[in-house]
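Each remark here refers to the structure printed beneath this line.
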Amino acid sequence: RSIPGYLISKILIYREQLGGYSNSFQLLEIYHFPEYLFERIHPILQVNTSLIHPLGINTKTEEELALHPYLSYKESKAIVSFRKNNGPIKNQEDFDKIIAVPAETKERLKPYLAKDFQSYANTSGKSP
């Protein structure tokens with residue numbers, strides 16, 4: 001049996017919203033993703049983390065950040081406020097200072113922030 005078309009569409013849409021998959025278990029975050037199907041396909045799934053798009057933590061607006069599935073509008077607003085008051089978020093330590101973003105969310109966002117922080121470091125301290 002194959003994956004139904006409607007589910008393929010959901011997988012692709014969620015991948016776009018996330019900025020890429022960092023691990024195969026993120027498929028289970030898709031609304032109504034059948035667990036039996038995940039168990040069947042999990043052994044053959046491959047995730048290429050080099051295809052992950054950076055979150056854009058230092059460039060996006062509150063509204064744009066809030067479009068990411070892991071961020072609420074309140075959290076996005078806190079991120080933008082932190083940037084306005086403290087300058088660009090240069091690394092994980094800076095990001096961890098934003099108390100409005102729960103630790104679990106910070107952990108889930110790490111793969112999407114890694115390229116932001118790497119890009120910042122590669123531009124000699126200038127925000128991308």
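Worth pointing out:
- Of the solvent-accessible surface of the chain, computed with a 1.4 Å probe and all protein chains present, 55% belongs to carbon and sulfur.
- Expressed as a fraction of 2.2 N^0.38 Å, the C-alpha radius of gyration for the range 1-55 is 1.10.
- Net charge dipole size for the range 11-89 [Lys, Arg +1 and Asp, Glu -1 on Cβ; Debye, nearest 20]: 280 debye
- A Cα-only calculation for the range 61-106 places Rg and Dmax at 9.7, 25 Å.
- Potential extension, E93-S2 segment - 0.36 nm per residue separation minus Cα distance: 28.4 nm
- Approximate shape of the chain as ellipsoid semi-axes (Cα gyration tensor, √5λ), whole Å, largest first: 31, 15, 12
The values are calculated or read from the model by the stated rules, or taken from the named source; none is laboratory data. Here the structure is a predicted model, which is why all the values come from computation and not from measurement. Because the Cβ atoms are built from the backbone with ideal geometry, glycine has one as well, and the counts that use them run over all protein chains shown. Keep in mind that these areas ignore ligands, DNA and RNA; they rest on the heavy atoms of the full protein, side chains included. Shrake-Rupley method; radii C 1.70, N 1.55, O 1.52, S 1.80 Å.
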